[in-house]
Amino acid sequence: MSTRLEQAFARMKAEQRTGLVAFVSGGDPTLERSGEVIRAVDEGGADVIEIGVPFSDPLADGPEIQRSSERALRAGATLRGVLDLVGDLRTNVAAPLVLFSYANPVVRFGVEAFAARAAEVGVDGVLLLDLPLEEAGPTRDVLVAHGLAPIFLLSPTTTGPRVRKANDLGRGFLYAISRLGVTGVRDQVADDARGLVERLRQDSTLPIALGFGLSRPEHIRDVGKYADAAVVGSALVAQIARHGSSPALADEVRGFVRWLREGASA
Amino acid sequence: MTMAAQEGRGRPVFGRRDPDARGYFGEFGGRFVPETLVAPMEALTEAYFAVRTDEAFIAEFEHLLRQFVGRPTPLYEARRLTEACGGATILLKREDLAHTGAHKINNALGQALLARRMGKSRIVAETGAGQHGVATATVCALLGLQCVVYMGVDDMARQALNVFRMRMLGAEVRGVDAGARTLKDAINEAMRDWVATVQDTYYLLGSALGPHPYPLMVREFQSIIGEEARVQCLASYGRLPDAAVACVGGGSNAMGLFDAFVADAGVRLVGIEAGGEGIAGGRHAARFAGGTPGVLQGTRTWVLQDEAGNISLTHSVSAGLDYAAVGPEHADLLQQGRAEYHFATDSEALAAFQRLGRLEGILPALESAHAIAGVEQVARDVGPGGLVLVNLSGRGDKDVQSIQHLLGDQA
Ligand SMILES: Cc1ncc(COP(=O)(O)O)c(C=O)c1O
């Protein structure tokens, strides 16, 4: 039986189009409205949804995601709250859901307890930002034992042997970071993104989603020429910041994701 | 007697107690960094392991420690403080007399030499009290490197003198207005800079914390403190001290002092954390008294955090101790039962600051005042006839303004 993530990537391939992976911070602007946001992202046509677990010290994130994490924390979001949210949403959302977290909230929760709860509520994959391959071993095994896909990041600085290791230990897809630096909206796709993905392909077989800096349909169209999927985070999060207190928040988010999807169509 | 002892000075020691290959001291340490930093951390580790056995590198480091930093720093018997405490003889290791006024220069110098060796032209650093920032700005001027220092805006206000010093030395100081606007937030911002600039930039971390190899490297560049003190103590008193005491922020001055004595079971190792307004109210930075193991800023160690794994806001009158995690080697020394950790509150530290000024004519840094506050109990425990070594990690000029504000007419 293939997993929801595998099915999603197989479908993109069959439809000969680029996948859209959308990131939002769980609990932004509030846990309740975050549920509306995630449903709207799904309705807008995202192929995979990454839900960020808000953390006090997001050192790999730029200003947009830092602020969204702060909004969520102020509204009381925690890892436990985000897991409950996924549980409430799961039957109403078609896209696979990937939790995106720093290591400490998961360590504090307890890796085993976290994996059990995540599997129970219907999380599909887990990406831990500051848990590189060398530290991930036992955590990765616990995730896999619970049927969760461990997702690893690859960067322009990742060496060939480590790409192979990520491909062996990872499931679902690999997340390629298009440029050195933190998350954030950029005007253009990184110059050497194509070269990066081509290099990663030589050492891997899993689908590759490329992210960091993408914000427009043109970017996604561009990335689709060499990667399997494109990740949009900060640009979407900025929409949530802009419309967070508006009753039209869900409509705005749905509309924005549809607009991004234009770049992901065949 | 060793050569060094004959010459009356100690030397930094490299390779004495390495962590395992993944950078763990027992259960603590490691390398919890975003993917982009893995390869640069490996390159840094390799470069560091190469220079620490390179005689030319070590010779240059030691030469500059003598000629530029002014080492060895004295070991000074504090007679009036000893009398007032009524216990063991208290010996002050005078890191306050090192160039720029604190122990931080030892590490900044070592790492800047390494950065130059690695061909990096730009340095980023974080600072809390500003002493590490000043030390980094100083060595960057010495070696002709570009220097950017991140500092929480609250720390910029309470250590304004050091902000000005950094600027006079040619460094750019960037204020960080996030979180508690103190040391932890400055480290986050320095890391964000570094992740984007790793190709030409070196991150000069100021304490024995963060991902491997920093805890090891910073301890080894600081090991000169304990090595000198050991030689000086043997030369003057013919024996080792009964206890060694230091304040613990990230843990660099304490590791630098303890390192020389870890193998001497008879020497009690005592670290003093910042007790702030006391543990019960949560306004403190005493990780061992109020925290739990966790992962922060690249390392597994004791951390102040809430139930959800978010890092707590800390408080201390001393900017240099106001940090939510502690160096991983301290966590291991505690686990092994080799070192013990206590805390001094803000008011105890302020009292110790004043006492050292009046009894010995020395105004300590507020960080070091915590060690002075802690040494009194240790001196009484050890008793008359014993020897207690305490690291006076820095001088207090930087704090005079904020103390004036705090004490007002009571000073
Ligand atoms: C004089 C002085 N002592 C101690 C510290 C605390 O740092 P560490 O624990 O790394 O020695 C600082 C930090 O700023 C300092 O300036």
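The set of residues in the stretch B:331-354 that are without any contact (Cβ under 8 Å) to a residue 40 or more places away in the chain and among the hydroxyl-bearing types (Ser, Thr, Tyr) contains only B:Ser347. Only residues that are away from the ligand (no atom under 16 Å from the Cβ) and either under 17 Å from the mean Cα position of the chain (by Cα) or at positive phi (or both) were counted in the stretch B:341-376, giving 1.
Applying the condition of being more than 26 Å from A:Val107 (Cβ to Cβ) and crowded, with 24+ Cβ neighbours inside 10 Å to the stretch A:29-72 and asking which residue is nearest to the other protein chains (Cβ to nearest Cβ) yields A:Val37. Scanning the stretch B:16-54 for residues that are within 12 Å of chain A (Cβ to nearest Cβ), among the hydrophobic types (A, V, I, L, M, F, W, C) and farther than 19 Å from A:Ser155 by Cβ yields one hit, B:Ala21.
Of the residues B:Gly152, B:Gly133, B:Gly128, B:Gly110, the single one that is within 20 Å of the chain's Cα centre (by Cα) and over 27 Å from B:Ser223 (Cβ atoms) is B:Gly152. Of the residues making up the stretch B:392-406, one or more are at pLDDT 95 or above, over 23 Å from B:Phe288 (Cβ atoms), away from every other protein chain (no Cβ under 14 Å) and within 13 Å of the ligand (Cβ to nearest atom). Which residues, taken from the stretch A:211-234, are out of contact with any Phe, Trp or Tyr (no Cβ under 8 Å at 6 or more places or on another chain) and of a type in the set (A, V, I, L, M)? Once the filter is applied, which keeps residues that are out of contact with any Phe, Trp or Tyr (no Cβ under 8 Å at 6 or more places or on another chain) and of a type in the set (A, V, I, L, M), the stretch A:211-234 yields A:Leu214, A:Ile220, A:Val223, A:Ala227, A:Ala230. Number of residues in the stretch B:29-73 that are buried (at least 21 other Cβ atoms within 10 Å of the Cβ) and outside any helix (DSSP H, G or I): the value is 10. Of the helices (runs of 4 or more DSSP H) lying entirely inside the stretch A:172-246, the ones with 2 or more residues being away from every other protein chain (no Cβ under 14 Å) and more than 22 Å from A:Met12 (Cβ to Cβ) are found at A:234-243. When we screen B:Val262, B:Val295, B:Val317 for residues that are within 16 Å of the ligand (Cβ to nearest atom) and either under 30 Å from A:Asp84 (Cα atoms) or within 18 Å of the chain's Cα centre (by Cα) (or both), the only hit is B:Val317. Within the stretch B:188-214, the set of residues being part of a helix (DSSP H, G or I) and either within 16 Å of the ligand (Cβ to nearest atom) or within 17 Å of the chain's Cα centre (by Cα) (or both) comprises B:Ala190, B:Tyr214.
The values are calculated or read from the model by the stated rules, or taken from the named source; none is laboratory data. Quick caveat, the model's predicted, so the values are computed rather than measured. As a convention, Cβ positions derive from the backbone with ideal geometry for all residues, glycine included, and neighbour counts pool all protein chains shown.
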